[in-house]
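Read the structure below first, then the notes.
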Amino acid sequence: MYVIGTIGNSQTHPGVTDIVNEYILTTGFDVSTASYVQLFSVESQESAPRGMAFNNDGTKMYVIGLGGDDVNEYNLSTAFDVSTSSYVQNFSVSAQDTYPQGMTFNNDGTKMYVLGDQGNDVNEYTLSTAFDVSSASFAGNNERFSVQSQDTHPLGMAFNNDGTKMYIIGGYGKDVNEYSL
């Protein structure tokens, strides 16, 4: 399990900010069995991380945030082990939203979705090379989906496995909004 944070534990990691925390779960999907493993600071690339994603095999990690209004891409030499992360490149989403809160990919990595708090919408990007953010391009205003009627402070997003359902966490409504695709 991975959790984005802005300040590390003051006793174990004083002064460490803008981090991805890694936990191990002894029982799959049961957060009560979580124990802390390690952290990775993204401070050099992002001063206000808000969301993250991995590619399918865990060899790439992506962090999005308010500091750069961009998606930062990292290579992981050991799958899903954040301590093996190394920065690769970034992709700006500032033309579509300057308060990006979350992100995810479709199953094959040819589409990237960014949740924006400024526009209260989901912006879709096409990647000509799967999971390579340098190949991303905005799909256009027709591929922008407003969630403003349900919440004006969206904070996170996810899709089900086959992409037929989308879920948006609402900051004002303090709820999960489900959409059928």
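Overview of results
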item	result
Residue in segment 47-56 that is touching an Asp or Glu at 6+ places or on another chain (Cβ under 6 Å) and either within 24 Å of LEU127 (Cα to Cα) or acidic (Asp, Glu) (or both) present	yes
Some residue of segment 130-140 being in contact with a Gly (Cβ under 6 Å, 6 or more places away or on another chain) and under 25 Å from ILE24 (Cβ atoms)	yes
Selection within segment 73-104 - open to solvent by 30 Å² or more (accessible area, probe 1.4 Å), in contact (Cβ under 8 Å) with a residue 40 or more places away in the chain and of a type in the set (Gly, Ala, Ser)	SER83, ALA95
Candidates ASN141, ASN107, ASN177, ASN123, filtered to the one that is modelled with pLDDT of 95 or more and open to solvent by 40 Å² or more (accessible area, probe 1.4 Å)	ASN107
Unique match (being surrounded by fewer than 20 Cβ atoms within 10 Å (Cβ to Cβ) and either of a type in the set (Lys, Arg) or touching a strand residue (DSSP E or B) at 6+ places or on another chain (Cβ under 6 Å) (or both)) among SER135, SER128, SER149	SER135
Residues of segment 57-67 satisfying the condition of being surrounded by 16 or more Cβ atoms within 10 Å (Cβ to Cβ), of a type outside the set (A, V, I, L, M, F, W, C) and under 17 Å from ASP132 (Cα atoms)	THR59, LYS60, TYR62
Scan of segment 57-71 for residues that are farther than 20 Å from ASN123 by Cα and touching a residue at least 60 places away in the same chain (Cβ under 8 Å), ordered by number	LYS60
Any chance GLY28 is open to solvent by less than 70 Å² (accessible area, probe 1.4 Å), closer than 26 Å to GLY109 by Cα and assigned to a strand (DSSP E or B)	no
Complete set of residues in segment 42-53 that are open to solvent by 40 Å² or more (accessible area, probe 1.4 Å) and in contact with a Gly (Cβ under 8 Å, 6 or more places away or on another chain)	GLN45, SER47, ARG50
From ASP70, ASP18, residue being surrounded by 15 or more Cβ atoms within 10 Å (Cβ to Cβ) and at positive phi	ASP18
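The values are calculated or read from the model by the stated rules, or taken from the named source; none is laboratory data. Since this is a predicted model, take the numbers as computed values, not measurements. Positions of Cβ are generated from backbone atoms using ideal geometry, with glycine treated the same way; all protein chains shown enter the neighbour counts. Note: areas computed on protein heavy atoms with side chains; ligands, DNA, RNA excluded. Shrake-Rupley method; radii C 1.70, N 1.55, O 1.52, S 1.80 Å.
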